[in-house]
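Below is one structure; the comments refer to it alone.
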Amino acid sequence: MKRTIRDADVAGKRVLLRADLNVPLKDGDVADDTRIRAVLPTITYLRDRGAMVAVCSHLGRPSGPDPTYSLTPVARRLADLLGCTVPLMPDCVGEPVLRAVKAMNREDVILLENTRFHPEEEANDTAFAKALAAGFDVFVNDAFGAAHRAHASTEGVAHLLPAYAGFLLEKELAVLGRLLAKPERPFLAIVGGAKVSSKIGVLRALAERVDVLAVGGGMGSTFLAANGTQVGRSLREADREGEARAIAAALAKRGGELVLPVDVVVAPSADAAGAASARTVGVDAIPADLMVVDVGPRTLEHYQRAIAKAKTILWNGPVGVFEVPRFAAGTRRVAELLARANATTVVGGGESVQAVEELGLTDRMTHVSTGGGASLELIEGKTLPGVAAIPDL
Ligand code: ADP
Ligand code: MG
């Protein structure tokens, strides 16, 4: 158990809060404020207890100071959501920031400019971490989405100030931790997405834990090919078929069940141009010149049965090329089935979370993780440096 802000005395203290405000922008405004909303409980708690809060975050992947990646739109949205002014500092370190931090009053909130304007951030440079910590009494990390990176603002600074977890970090760790340590069974994992290679660690870890593993999406084709199925021009990683067989064997050894597609939507290409001539075929009849772009209705019935039986369900990765509406049916159906499921439902991953949000089903899941890469690393059993740096209770 990590110590959290509930264990800290923050009254009258200057708090440096690392949040994950790495939100998508569009036309100079915040396109999706999910990540900003997710940190509000922590900010509100700190303010209510008389803290002065300076929030810091990275945004995008700038190489040096770059107005395209300024947190200006984030400051505006944060101010709207909190109903108070949130001045944006010109930088995250240096004299002007020090002065502003010193001048803060209880309940004040300021936002520091993008930490990645300094290459020292990703290098986890000690001098830079010291500059970040300067003027603060307490460090709070609520940036679960960045916790798998050992950067100055996520890891380095936690060794320089008394460090505590925020509520979002705490919740992510609790939900994902429980899922892996003592899931209510049957435990079903639905894994999709593009490639087996990007999720080998996750698939291996799940094969040791779940009762049922359903594999769809692009990686489903690699699993099918590993069984000798002809998958035409599907996205397929021939060099990963051995790995797929090993994962299937590990699951079978524990008495687990592997659910592979029995029918699929095929098209000449995985884009809008291919959509016009898309059709559904059994996996034993995939034409040599077409590619798999979604799972078919009979496969979705198998998913439905597995979902109905499960008490715990983890979903990562869309089961089709959901960005193209004609190929989104499988992913949409999985999201809808999970929303209605009588089970603990957890969604993790970049695109799968996006799909759930687009469908407006986020609130119908037990938990939708805000950290794509971080949640996958946690499932793999890796230690997250940003978490490890926070002392245990
Ligand atoms: P997540 O971010 O949820 O973990 P991934 O990054 O692993 O998911 O994969 C997401 C991508 O997988 C999506 O952009 C989707 O278009 C792609 N995808 C899903 N099914 C297929 C398929 N059959 N063929 C090619 N790409 C696919
Ligand atoms: Mg992704």
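The values are calculated or read from the model by the stated rules, or taken from the named source; none is laboratory data. Given the structure is predicted, the values throughout are model-derived calculations rather than measurements. Backbone-built Cβ (ideal geometry, glycine too); neighbour counts: all protein chains shown. Just so you know, the surface numbers come from the protein's heavy atoms only, side chains and all, with ligands and any DNA or RNA stripped out. Shrake-Rupley method; radii C 1.70, N 1.55, O 1.52, S 1.80 Å.
Observations on the structure shown:
- Evaluating G317 against the criteria (1) more than 16 Å from ligand 1 (Cβ to nearest atom); (2) at positive phi leaves one unmet condition, (1).
- Candidate set from the range 292-306 (those that are in a helix (DSSP H, G or I) and open to solvent by 10 Å² or more (accessible area, probe 1.4 Å)); member that is farthest from ligand 1 (Cβ to nearest atom): R305
- Screening G193 against (1) at pLDDT below 95; (2) open to solvent by 40 Å² or more (accessible area, probe 1.4 Å); (3) under 30 Å from D289 (Cβ atoms) leaves a single unmet condition, (2).
- Just one of (1) within 26 Å of A388 (Cβ to Cβ); (2) open to solvent by 30 Å² or more (accessible area, probe 1.4 Å) fails for D20. It is (2).
- Taking first residues from the range 58-83 that are in contact (Cβ under 8 Å) with a residue 60 or more places away in the chain and partners that are of a type in the set (D, E, K, R), the Cβ contacts under 6 Å between residues at least 6 apart in sequence or on separate chains come to H58/R116.
- If the condition is being of a type outside the set (S, T, Y), under 17 Å from A19 (Cβ atoms) and crowded, with 19+ Cβ neighbours inside 10 Å, then the range 358-384 contributes G371, A374, L384.
- Restricting the range 346-373 to residues that are more than 15 Å from ligand 1 (Cβ to nearest atom) and either hydroxyl-bearing (S, T, Y) or part of a loop (DSSP other than H, G, I, E, B) (or both) leaves a set whose member that is farthest from I36 (Cα to Cα) is T366.
- Residues located in the range 374-393, provided they are more than 15 Å from ligand 1 (Cβ to nearest atom) and β-branched (V, I, T): T383, V387, I390
- Restricted to the range 307-319, and to residues there that are more than 16 Å from ligand 2 (Cβ to nearest atom) and hydrophobic (A, V, I, L, M, F, W, C), the residue that is surrounded by the most Cβ atoms within 10 Å (Cβ to Cβ) is I313.
- Selection status of V387, at pLDDT 95 or above and not in a helix (DSSP H, G or I): no
- Evaluation of A275 against (1) buried (at least 21 other Cβ atoms within 10 Å of the Cβ); (2) among the small types (G, A, S); (3) modelled with pLDDT of 95 or more (one fails), failing number: (1)
- Listed by first and then second residue, the pairs linking a residue in the range 152-181 that is under 19 Å from R47 (Cα atoms) to a residue that is open to solvent by 30 Å² or more (accessible area, probe 1.4 Å) and in a helix (DSSP H, G or I), with Cβ atoms under 6 Å apart and 6 or more places separating them unless they lie on different chains, are F167/P41.
- Criterion violated by V101 - all others in (1) under 22 Å from E155 (Cβ atoms); (2) part of a loop (DSSP other than H, G, I, E, B); (3) not basic (K, R) satisfied: (2)
- Some residue of the range 242-253 being under 28 Å from the mean Cα position of the chain (by Cα), within 19 Å of G330 (Cβ to Cβ) and of a type outside the set (D, E): no
- Unique match (being buried (at least 18 other Cβ atoms within 10 Å of the Cβ) and either more than 30 Å from A181 (Cβ to Cβ) or not assigned by TED's automatic domain parsing to the domain that holds E357 (or both)) among A79, A11, A75, A100: A75
- Positions within the range 139-172 being aliphatic (A, V, I, L, M), open to solvent by 10 Å² or more (accessible area, probe 1.4 Å) and touching a Lys or Arg at 6+ places or on another chain (Cβ under 7 Å), in sequence order: L160
- Residue in the range 198-228 that is farthest from ligand 2 (Cβ to nearest atom), counting only those that are surrounded by fewer than 17 Cβ atoms within 10 Å (Cβ to Cβ) and more than 17 Å from A250 (Cα to Cα): G228
- Scanning the range 240-254 for residues that are touching a residue at least 40 places away in the same chain (Cβ under 8 Å) and exposed (fewer than 15 other Cβ atoms within 10 Å of the Cβ) returns a single hit, R254.
- Residue within the range 320-338 that is more than 12 Å from ligand 1 (Cβ to nearest atom), surrounded by 22 or more Cβ atoms within 10 Å (Cβ to Cβ) and modelled with pLDDT of 95 or more present: yes
- Close pairs from the range 348-366: first farther than 17 Å from F144 by Cβ and charged (D, E, K, R), partner assigned to a helix (DSSP H, G or I) and near ligand 1 (Cβ under 10 Å from one of its atoms), Cβ under 9 Å, at least 6 apart: E351/T331; E351/G372; R364/V356
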